[in-house]
2 protein chains.
Amino acid sequence: MWRLIKGSRAIVCVCTMVISATCSATMQHDPLSSWNDCPAKSAIIDFVQRVTTVDAPDFVPLSERIAVFDNDGCLWSEKPIYFQLQFAIDRIKQLAPNHPEWRHRQPFKSVLEDDQETLAKSGMEGLLKLVMASHAEMTTDEFASIVKDWLNTAHHPRFQRRYHELVFQPMLELLVYLRANGFKTYITSGGGIEFLRVFAEEVYDIPPEQVIGSSIKTNFELRNGVPVIMRLPEINFIDDKEGKPIAINKFIGRRPIAAFGNSDGDLQMLQWTDARKGLSFCLLVHHTDAEREWAYDRKSHIGRLDNALDWAKEHHWTIVDMKQDWNAVYPQPDAGN
Amino acid sequence: MWRLIKGSRAIVCVCTMVISATCSATMQHDPLSSWNDCPAKSAIIDFVQRVTTVDAPDFVPLSERIAVFDNDGCLWSEKPIYFQLQFAIDRIKQLAPNHPEWRHRQPFKSVLEDDQETLAKSGMEGLLKLVMASHAEMTTDEFASIVKDWLNTAHHPRFQRRYHELVFQPMLELLVYLRANGFKTYITSGGGIEFLRVFAEEVYDIPPEQVIGSSIKTNFELRNGVPVIMRLPEINFIDDKEGKPIAINKFIGRRPIAAFGNSDGDLQMLQWTDARKGLSFCLLVHHTDAEREWAYDRKSHIGRLDNALDWAKEHHWTIVDMKQDWNAVYPQPDAGN
């Protein structure tokens, strides 16, 4: 019995080596080709080589190769407003005729008046209020269907592309590179867990069970004998700041060995990863490219990078200078996204 | 980019076929050898063959082969009291000298007086109160260490074996059999998520990220600059009854295609699985073997099987008659457990 279990583990290891070897063979190009030669790229490759070299002092077994990624501003853009907030706005506007009281109540008022400055100031909690009001009182299946429709039709105001096309090409390559080296990649986002799961598998190749995010409460009930899960208009958990390591501990139950973020909301997740016994890797994406994307940090209402930037410098974490380090930001429009 | 992602998926598929083929080759014996020839065994094998046969009408892709297992009474015994409750009792007794007020307050009073009947009546909520009082106010790492020590030293009163040796051999074989067929196996237990994770990987080969359970709240904080996660004396979530499908939706984000339980606490999880579009499999372990384990169902304080038994019969779910269907209950003591 136990021999059988140990045997199947060995087979998985062998297969992973097969995967790695196959990937090495097919990747005759640079697996991180959208990254310029820069300290950040070298640091990533060095880290991966150290934790994957068998018998080396920093070797990490497959089961512990957990990498966590923030989503907004780390895997895709978050300007001019969080994409999920835009989804909420579109939905609120759609539902507004049935809710006259929204005209006088924030954050709904600013949504209906297109007052994005006031809206942005309401922060993550404001976003979650809109999410609750606009997306509750329906089943999980119905919600997924609404999000899917929105992703397939809505376009970003600046780039005129669908929102899930505005993912960072260098980060897509990083996800593939880490997985080719036996990492299990997770999303840990302040965004809604059920919102993210609609596109995470198709866009990032990250399955639903590896997506962690904020959530509203749900209720299980039988409707005419058919079980459904209803979304309730009440916050369950906000996966931001201290919430991130708490959620990582709850969902994964292991300390990550690598963490990727871009804002103060990611600081605690990176601290938790950094404090692991043994080698770990912490990276912040610094938005420095006003031309191809946006440039913002300490004073931004969305994706503020202030304390985390100081902490990163003090603790020698890797900081990506988007303008300098990336030779591409988004995938080519014809890349099949 | 996208071709690369699709390519790596194909490689994973090929590897899984390699795993399956290797397992078939090495398993010259019956992979479910502790199961007698019985309708339950036939139903399991038939289901697995149908969902894994490519191009067959019931074929299920690898990514959707999710199987969820209750723990208490399904993967290991739960008598005379939940094993985690015994852990709590041992811990409460250890801490009692510092808590004189416990002598007059339930459920602590019954713990200190060895009044197991009163204690059993306090049910899952009583258990969780004891867990909170006895296991909070410490870090997650400290808690894991205490549980590990207990598992290595405590012995079951009837069988005089360590608690994690009292797992069901037929269910261990079932876990291996499902995984060999590409299933991802999860625990969804009313027991504590951090309690379960201490032994689930070693005993069931189920990694922490595939363990779902009840939880208390936690807090992230820096202690002298070192991040820790503290366990707070407050219930976060009870993963029982309606809580099970809610937690499955939250943690996994996909509907399972197979669910295994043994009590009314598992009914909603099985209903949720059963209502999946496409083929699914629901199984209840019926404890009918007073000689080798225990015989109990509708009137038991612990692991009551009443409504779920009726529902299972009406909906033609698979019911295991432990006495008739299993030729072994626990692993042999010399099996390396």
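Every number in this text was worked out from the coordinates using simple rules, so none of it is lab data. Only a predicted model underlies this, so the values are computations on that prediction, with no experimental measurement involved. Virtual Cβ from ideal backbone geometry, glycine too; neighbours counted across all protein chains shown.
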- Among the residues of region A:75-92, which ones are in a loop (DSSP other than H, G, I, E, B) and among the β-branched types (Val, Ile, Thr)? A:Ile81
- Item | From the options A:Asp274, A:Asp321, residue that is in contact (Cβ under 8 Å) with a residue 24 or more places away in the chain, within 14 Å of chain B (Cβ to nearest Cβ) and of a type outside the set (Ser, Thr, Tyr) | A:Asp274
- Item | Verdict on B:Ala154 being more than 10 Å from chain A (Cβ to nearest Cβ), more than 28 Å from B:Ala308 (Cα to Cα) and not acidic (Asp, Glu) | yes
- The correct count of residues that are in contact with a strand residue (DSSP E or B) (Cβ under 9 Å, 6 or more places away or on another chain) and either closer than 17 Å to B:Tyr186 by Cα or hydroxyl-bearing (Ser, Thr, Tyr) (or both) in region B:153-168 is 3
- Task: Considering each residue of region B:214-226, count those that are facing chain A (nearest Cβ under 10 Å) and either surrounded by 22 or more Cβ atoms within 10 Å (Cβ to Cβ) or within 23 Å of B:Glu125 (Cβ to Cβ) (or both), and give that number.
- Result: 4
- Note on the structure: Within region A:282-318, restricting to residues that are free of Cβ contacts under 8 Å to residues at least 12 places away in the same chain and of a type in the set (Lys, Arg), the one that is farthest from A:Ala258 (Cα to Cα) is A:Lys299
- Query: When you scan region A:103-169 for helices (runs of 4 or more DSSP H) that lie fully inside it, which ones turn up with 3 or more residues that are of a type outside the set (Lys, Arg) and under 26 Å from B:Arg254 (Cα atoms)?
  - Reply: A:123-135, A:140-153
- Taking B:Leu279 as the residue in question, decide whether it is in contact (Cβ under 8 Å) with a residue 60 or more places away in the chain, away from every other protein chain (no Cβ under 14 Å) and more than 16 Å from the chain's Cα centre (by Cα). yes
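Quick grid of which residues meet (1) surrounded by fewer than 19 Cβ atoms within 10 Å (Cβ to Cβ); (2) within 9 Å of chain B (Cβ to nearest Cβ); (3) more than 12 Å from the chain's Cα centre (by Cα):
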| site | (1), (2), (3) |
| --- | --- |
| A:Pro170 | no, no, yes |
| A:Ile187 | no, no, no |
| A:Ile193 | no, yes, no |
| A:Val228 | no, yes, yes |
| A:Leu232 | yes, no, yes |
| A:Lys244 | no, yes, no |
| A:Ile252 | no, yes, yes |
| A:Pro256 | no, no, yes |
| A:Gly261 | no, no, no |
- Note on the structure: If we keep only residues of region A:199-212 that are surrounded by fewer than 23 Cβ atoms within 10 Å (Cβ to Cβ) and touching a residue at least 40 places away in the same chain (Cβ under 8 Å), then the residue nearest to the other protein chains (Cβ to nearest Cβ) is A:Val203
- Working only within region B:44-61, note down all residues that are part of a loop (DSSP other than H, G, I, E, B) and hydroxyl-bearing (Ser, Thr, Tyr). B:Thr53
- Matching residues in region A:33-86 (hydroxyl-bearing (Ser, Thr, Tyr) and under 16 Å from A:Phe195 (Cβ atoms)) number 2
- Query: Considering only region A:89-143, how many residues are surrounded by 15 or more Cβ atoms within 10 Å (Cβ to Cβ) and on the phi > 0 side of the Ramachandran plot?
  - Reply: 1
